[in-house]
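The structure appears below as structure tokens.
The values are calculated or read from the model by the stated rules, or taken from the named source; none is laboratory data. Since we're looking at a predicted model, the values are computed, not measured. For neighbour counting, all protein chains shown are included, and Cβ atoms are generated from backbone atoms with ideal geometry for every residue, glycine included.
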Number of protein chains: 2
Amino acid sequence: MAREHAVGLTVRDVAARAGVSPMTVSRTLAGGKNVRPELQQRVWAAARDLGYHRNENARSLRPGQPSGLIGIAITNLGNPYYGEFAIGVEEVAAQHGRRILLGNSDEDQARERQLVADFVGRQVEGLIVVPAAGAKASHLSRAELEGRPLVLASRLVDDVWADVVVLDDVNGAYQGAKHLIAAGHRRIGYLGNVASVSTGQRRFDGFCRAMAEAGLAVEPGYVARQQQTAASASAAMEQLLRLPQPPTAVFAANNRNTIGALTAIARHLDGGAGWGPSVVSFDTFDLAELSPVPLTLIAHDARALGRKAAELLFDRADKGPDHPPVLQTIPVSLRVVRPEPPGRIEGAGPAT
Amino acid sequence: MAREHAVGLTVRDVAARAGVSPMTVSRTLAGGKNVRPELQQRVWAAARDLGYHRNENARSLRPGQPSGLIGIAITNLGNPYYGEFAIGVEEVAAQHGRRILLGNSDEDQARERQLVADFVGRQVEGLIVVPAAGAKASHLSRAELEGRPLVLASRLVDDVWADVVVLDDVNGAYQGAKHLIAAGHRRIGYLGNVASVSTGQRRFDGFCRAMAEAGLAVEPGYVARQQQTAASASAAMEQLLRLPQPPTAVFAANNRNTIGALTAIARHLDGGAGWGPSVVSFDTFDLAELSPVPLTLIAHDARALGRKAAELLFDRADKGPDHPPVLQTIPVSLRVVRPEPPGRIEGAGPAT
DNA sequence: TCTTGCTATGGTAACGATACCAAGCGACGA
DNA sequence: TCGTCGCTTGGTATCGTTACCATAGCAAGA
């Protein structure tokens, strides 16, 4: 009797239609080793006619059978940076015949923990996690993951036994700050994300190092490190612009902060101010060319970061769990989008 | 005997530790109905101590048990528009206790087909697909999906039995074009994506309707409809700018085309041209405020689109497969970012 | 001719969780 | 006192697939 819905076709149905046993169907679909070509054709035809799809869940139930799934927990999928990152992971995963289970933690530790637990329950072969702000090691322990390989991406977490891939945050920020200092800037503002995210701390460290080397003080009034959105970054930038002695340049530690800063600066200029601070931005973003002020990017390849994270995961699966963890750094490079006009700083700034 | 790795804990292990039967464990974890509170505590303690996670794949093997998975196929995850879309889906799915299986088709039909087949094999409860350019109905048929509900998002496909949620493309483009015409523009360029994507066709239709109503011809020399990336859009815009009579305004049919257009216009202005065409953009994007030329956005909420797609999916699961398909439209709205200065068109354009 | 070795095929059991049925137990009304 | 009901607990079978073993057939070699 024909089924009402096509739901629930099994090897048995295909076997019946092809006039063979379920085992022959299984073998054929697994590659056809030790099956007569004629039978293989009958099986393929039957499978096609019925619209049969192997049940991957049942398949992975057998011990030793991989599930073909990789879990990714991301903090904010709306940030194109993480979208690109996810593409990079997906690219490599697809090459290895794996699918992506995706979860958005929204910078919430509880949600992240829940995601990880669920991924484990779904038998993922490995996890790639961009840890949420303040994430603890406890829900990323080897025991919690039942021995599954874990890669931390973009951000570090203390005391977690895992491979890690991060950007060259410290050096990138150092180079970016040095770039501003070399151009003659002395009053440099800093817009960044919270210190509970490792990028927030590392980039600030690099910035401070460059300032210290130049004998410049990092003045608290010029530093704002709480902005996680472009809107709050814009507000922070406006505060800096309203200071009696506003900074002649700002270092924005990620794309959300840069976008907020540039938005505020554009409003400032539209409001009649003839002058706006130079910007160095960690992260690239669309339409950087439209910047109304001198702009330099600390550029990197988010997709490469995702690819590398996936590669570390598959490497780990090959090497076994007992090799020491790997820390991989993705290089960054300075890209001047709009150069500093000569003599800009001395003459053009407001009330020095 | 102790296990080498923690991999493969089962109800049996928990049952043994708690001194009860596997059934009692199962019942407890399923909510604890008809289990003595004392035993429940023992079971929970044992599960926690061992770090047990229920095997969701084995669970969904039993007939009638849902897998808890929703499959999403997207054409380009690097486009923040689709990132936001995915967040919207994930939000609603998480509310319903479902996880997301994500695949990137990269506008490739073969990859899309493969993704869909795999999703079915993994027993997803439903699929949300942004169909790739030129996607055919055949691999989205009810039979192919084994009766699983399908929602098409953002783009239409002919002859597919599915619920659909799209933006108000035609009307949005119509309003955008009318806006330019009302401002006095007569020579209006069009930058869009290919007609094999329904948005490419629908937005062009709306544009043409506004032009026709105003008695204006859509001149082929002003129309470029093959750009899928910002880079190619930038090249197309440069061609328009090099025409003896360049358009005084351009309609860009999506964010990639707008970004390309603005980049080309910025280069043009930096090159010394005192004048650049006005822009209307379908889709919003970061840093629109930096536009050097008059800019109006046809704005909409990609996250809302994702949410609605997921809601349609769950509605369909409730209503059953026999209700007629639903077509839902997400409204768009005009947002003037940089208004048209008065008298700009007559005086300022090059060689009329 | 009989053995050995190979390929092709099928039956059976098992993966982990749970629906179903059976059974034990105390409480309560007849 | 006995039967019945409800609650609790456990044994068993099953979901779809495939590893393993068994078997049948055939060819080559002793």
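What pairs come out if I take residues in the range A:136-157 that are at pLDDT below 85 and pair them with residues that are of a type in the set (Gly, Ala, Ser) whose C-beta lies under 7 Å away, six or more apart or interchain?
Between residues of the range A:136-157 that are at pLDDT below 85 and residues that are of a type in the set (Gly, Ala, Ser), the close pairs are A:143/B:6; A:143/B:51; A:144/B:51.
Out of curiosity, is residue B:324 closer than 29 Å to residue B:247 by Cα and surrounded by fewer than 20 Cβ atoms within 10 Å (Cβ to Cβ)?
Criteria not met by residue B:324.
Taking residue B:34 and the conditions (1) within 14 Å of DNA strand C (Cβ to nearest atom); (2) buried (at least 20 other Cβ atoms within 10 Å of the Cβ); (3) more than 11 Å from chain A (Cβ to nearest Cβ), which numbered condition does it fall short on, given that it satisfies the others?
(2)
Report those strands (runs of 3 or more DSSP E) wholly inside the range B:240-317 carrying at least 2 residues which are away from every other protein chain (no Cβ under 13 Å), over 21 Å from the mean Cα position of the chain (by Cα) and aliphatic (A, V, I, L, M).
Ranges flagged: B:249-252.
Here are B:17, B:42: which of them is more than 12 Å from DNA strand D (Cβ to nearest atom), away from chain A (no Cβ under 11 Å) and part of a helix (DSSP H, G or I)?
B:17 is the lone residue from the list that is more than 12 Å from DNA strand D (Cβ to nearest atom), away from chain A (no Cβ under 11 Å) and part of a helix (DSSP H, G or I).
Determine whether residue B:244 is exposed (fewer than 15 other Cβ atoms within 10 Å of the Cβ) and free of Cβ contacts under 8 Å to residues at least 60 places away in the same chain.
Criteria not met by residue B:244.
With respect to the numbered conditions (1) more than 10 Å from chain A (Cβ to nearest Cβ); (2) more than 9 Å from DNA strand C (Cβ to nearest atom), which one is the sole condition not fulfilled by residue B:71?
Status for residue B:71: all satisfied but (1).
Which of the residues that make up the range B:316-342 are touching a residue at least 60 places away in the same chain (Cβ under 8 Å) and over 30 Å from residue B:183 (Cβ atoms)?
Across the range B:316-342, the qualifying residues are B:316, B:317, B:321, B:325, B:326, B:327, B:328.
Those residues that are in contact with a helix residue (DSSP H, G or I) (Cβ under 8 Å, 6 or more places away or on another chain), closer than 15 Å to residue B:191 by Cβ and assigned to a loop (DSSP other than H, G, I, E, B), I need them from the range B:201-222; list them, please.
B:218
Any idea which of A:316, A:303 is under 27 Å from residue B:233 (Cβ atoms) and surrounded by fewer than 24 Cβ atoms within 10 Å (Cβ to Cβ)?
The unique qualifying residue is A:303.
Given the residues B:58, B:86, which is the only one that is more than 12 Å from DNA strand C (Cβ to nearest atom) and within 11 Å of chain A (Cβ to nearest Cβ)?
B:86
Within the range A:99-115, which residues are touching a residue at least 24 places away in the same chain (Cβ under 8 Å) and more than 10 Å from chain B (Cβ to nearest Cβ)?
Residues satisfying the conditions are A:105, A:107, A:108, A:109, A:112, A:113.
Going by the structure shown, is residue B:233 in contact (Cβ under 8 Å) with a residue 24 or more places away in the chain, crowded, with 24+ Cβ neighbours inside 10 Å and farther than 22 Å from residue B:168 by Cα?
Judged against the criteria, residue B:233 is a match.
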